[in-house]
Every structure is written in structure tokens, then in C-alpha cells.
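J.: Mind looking over this structure? Questions follow.
The values are calculated or read from the model by the stated rules, or taken from the named source; none is laboratory data. Owing to the predicted nature of the structure, the values given are computational and were not obtained by experimental measurement. Heads up, the Cβs are rebuilt from the backbone with ideal geometry, glycines too, and the neighbour counts pull from every protein chain shown. Remember, those area values only see protein heavy atoms, side chains included, never the ligands or the DNA or RNA. Shrake-Rupley method; radii C 1.70, N 1.55, O 1.52, S 1.80 Å.
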Amino acid sequence: MTTETHAIIMTQGEDLVTELRKNLRSGNLMTSLTEEAISRIVIRNVKYVRIADPRETDHRDRVSIWVEATISF
């Protein structure tokens with residue numbers, strides 16, 4: 001089992017697995033996680049880091065935050 005920690009921007013109304021999948025598909029994650037393994041991940045820890053600057057996101061109308069997520073797969 002592999003354990004990794006990632007910094008991810010979470011947008012209001014979206015979940016961590018969806019954000020991981022979007023970042024994986026867009027190439028924004030340096031990871032050994034694959035599309036097949038994403039259905040088997042275990043979320044070990046999620047820690048709030050800070051509110052995301054609107055310039056860091058594509059969502060100007062919703063609040064986004066940076067989180068640090070530790071996952072195993």
C-alpha cells in the first residue's frame with residue numbers, strides 16, 4: 001500500500017475524491033496514483049491550510065481552500 005500527501009484546492013460544494021481525480025487527469029499531481037486505484041483510496045488525514053487566493057482558482061464566484069490530504073491506495 002502506498003501513502004502520499006498532496007496539497008489540493010477544494011472548492012465549495014466539491015469533494016476530495018472528485019478534486020483528486022480532476023487534478024490527476026489534468027496532470028497537476030505528482031503521484032503514482034492511477035485512475036484504476038482512485039476507486040480504492042483511503043483518506044487518512046485532511047488538514048485545512050488556508051483560503052485560496054481567487055487568482056489561484058478557476059472559480060471566482062465560490063470560496064476555495066487549500067487542504068493537505070494524506071491518502072493510501
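J.: I need every pair where a residue in the range 1-23 that is closer than 15 Å to ALA52 by Cβ and open to solvent by less than 50 Å² (accessible area, probe 1.4 Å) has its Cβ under 6 Å from the Cβ of a residue that is β-branched (Val, Ile, Thr) and modelled with pLDDT of 90 or more, sequence separation at least 6 or different chains.
T.: Pairs that qualify, where the first residue is closer than 15 Å to ALA52 by Cβ and open to solvent by less than 50 Å² (accessible area, probe 1.4 Å) and the partner is β-branched (Val, Ile, Thr) and modelled with pLDDT of 90 or more, are ILE8/VAL67; MET10/ILE65; MET10/VAL67; GLU19/ILE8.
J.: Specify the residue that is farthest from GLU14 (Cα to Cα); the eligible residues are those in the range 53-73 that are aliphatic (A, V, I, L, M) and at pLDDT 90 or above.
T.: ILE71
J.: Ok, one more. When you scan the range 24-44, how many residues do you find that are touching a residue at least 40 places away in the same chain (Cβ under 8 Å) and either open to solvent by 60 Å² or more (accessible area, probe 1.4 Å) or part of a helix (DSSP H, G or I) (or both)?
T.: Residues in the range 24-44 being touching a residue at least 40 places away in the same chain (Cβ under 8 Å) and either open to solvent by 60 Å² or more (accessible area, probe 1.4 Å) or part of a helix (DSSP H, G or I) (or both): 1 in total.
J.: Looking only at the range 45-72, count every residue that is open to solvent by less than 90 Å² (accessible area, probe 1.4 Å) and closer than 22 Å to MET1 by Cβ and tell me the total.
T.: Result for the range 45-72: 8.
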